[in-house]
Amino acid sequence: MAHIIVIGNEKGGSGKSTTTMHLGTALARMGHRVGGLDLDLRQRSFGRYVENRVAYCRREGVDLAVPHYLPLPEIDPDTLADGQNIYDLRLDAAVSELENAVDFLLIDCPGSHTRLSQMAHSLADTLITPLNDSFIDFDLLARHDPETGKITGPSVYAEMVWNARQLRARAGLKPIDWIVLRNRMGSQQMHNKRKVGEALQELSRRIGFRVAPGFSERVIFRELFPRGLTLLDLRDIGVTGLSMSNIAARQEVRDLVNELNLPNVRANF
């Protein structure tokens with residue numbers, strides 16, 4: 001059975017698709033069989049990222065590791081029995097097709113609350129929540145008193161994760177390993193960065209997630225998407241003399257892979 005990794009966050013622009021693609025490519029480069037689903041049926045950023053990669057390989061005649069991306073299958077609404085939900089059936093069909101054919105199944109969720117996202121979270125062995133390093137995005141996880149700095153309660157997203165954990169527990173499945181990634185952190189020790197870090201550490205103990213450094217803000221991430229490339233591909237396509245920024249970003253990918261503590265995985269790139 002595949003180890004299911006869900007990349008979820010109910011706010012857009014946090015780097016979910018970038019994280020999904022870099023993690024999926026890293027695992028595939030290491031020899032693991034990797035499948036991928038994109039549950040954002042409108043924007044399909046991850047799906048388009050993979051399609052761009054396939055097109056680039058074909059156009060340039062190069063052989064790069066590519067996650068096996070599967071669009072959600074269509075289901076005729078007329079075939080549904082009473083009480084069945086078409087989105088549940090579409091996700092179940094896709095997972096069933098991949099879960100015995102791959103080692104890792106990555107599921108990229110939309111930046112909003114949807115039935116598909118809710119169901120995917122209950123399937124997660126590992127849940128990754130990329131979070132921009134600010135209190136605007138911290139609000140995704142918990143309500144926060146700006147005067148006292150105290151956490152006053154969980155957010156609707158944290159409650160959804162809690163419900164997913166309860167569903168897994170009732171089904172006798174192992175607990176979700178939840179990792180919150182601090183993306184787009186500033187390079188300097190700014191006051192706000194420290195306060196966000198302190199709040200995340202306090203919240204992590206209360207609702208049960210691990211905090212890990214994610215990806216810094218870099219122009220190259222936006223430049224790679226149209227060709228479907230990742231930071232790990234630059235040498236393979238003939239880029240020499242990598243900048244210090246590119247080398248640091250590659251290290252961030254390596255650190256992420258190791259931080260996840262996935263079964264039989266140790267970054268070797």
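Descriptive notes on the structure:
- Of the residues in region 138-148, none is at pLDDT 95 or above, of a type in the set (A, V, I, L, M, F, W, C) and surrounded by fewer than 20 Cβ atoms within 10 Å (Cβ to Cβ).
- Residue pairs meeting the criteria (Cβ under 7 Å; at least 6 apart or on separate chains; first within 22 Å of Leu231 (Cα to Cα), in region 1-26; second crowded, with 24+ Cβ neighbours inside 10 Å and of a type in the set (Asp, Glu)): Ile7/Asp108; Lys16/Asp108; Ser17/Asp108; Thr20/Asp108
- Pairs linking a residue in region 86-107 that is in contact (Cβ under 8 Å) with a residue 12 or more places away in the chain and charged (D, E, K, R) to a residue that is assigned to a helix (DSSP H, G or I) and surrounded by fewer than 19 Cβ atoms within 10 Å (Cβ to Cβ), with Cβ atoms under 8 Å and 6 or more positions apart or on different chains, are Asp88/Arg115.
- Which listed residue, of Glu217, Glu252, is in contact (Cβ under 8 Å) with a residue 24 or more places away in the chain, part of a loop (DSSP other than H, G, I, E, B), within 18 Å of Pro130 (Cβ to Cβ) and of a type in the set (D, E, K, R): Glu217
- With respect to the conditions (1) at pLDDT below 85; (2) buried (at least 18 other Cβ atoms within 10 Å of the Cβ), Phe209 lacks only one, and its number is (1).
- Against the test of being modelled with pLDDT of 90 or more and either out of contact with any strand residue (DSSP E or B) (no Cβ under 7 Å at 6 or more places or on another chain) or closer than 30 Å to Arg143 by Cβ (or both), the options Leu242, Leu200, Leu232, Leu262 yield a single qualifying residue, Leu232.
- Single condition Ile136 does not satisfy, out of (1) assigned to a loop (DSSP other than H, G, I, E, B); (2) free of Cβ contacts under 8 Å to residues at least 24 places away in the same chain; (3) not polar (S, T, N, Q): (1)
- Residues that are in contact with a strand residue (DSSP E or B) (Cβ under 7 Å, 6 or more places away or on another chain), surrounded by 18 or more Cβ atoms within 10 Å (Cβ to Cβ), at pLDDT 95 or above and in a helix (DSSP H, G or I) do occur in region 114-122.
- Leu105 being within 17 Å of Asp38 (Cβ to Cβ), out of contact with any Phe, Trp or Tyr (no Cβ under 8 Å at 6 or more places or on another chain) and surrounded by 21 or more Cβ atoms within 10 Å (Cβ to Cβ): yes
- Breaking point among (1) buried (at least 24 other Cβ atoms within 10 Å of the Cβ); (2) in contact with a Gly (Cβ under 8 Å, 6 or more places away or on another chain), for Ser14: (1)
The values are calculated or read from the model by the stated rules, or taken from the named source; none is laboratory data. Remember, predicted model here, so these are calculated numbers, not experimental data. Using ideal geometry, Cβ is built from the backbone for each residue, glycine included, and neighbour counts are taken over all protein chains shown.
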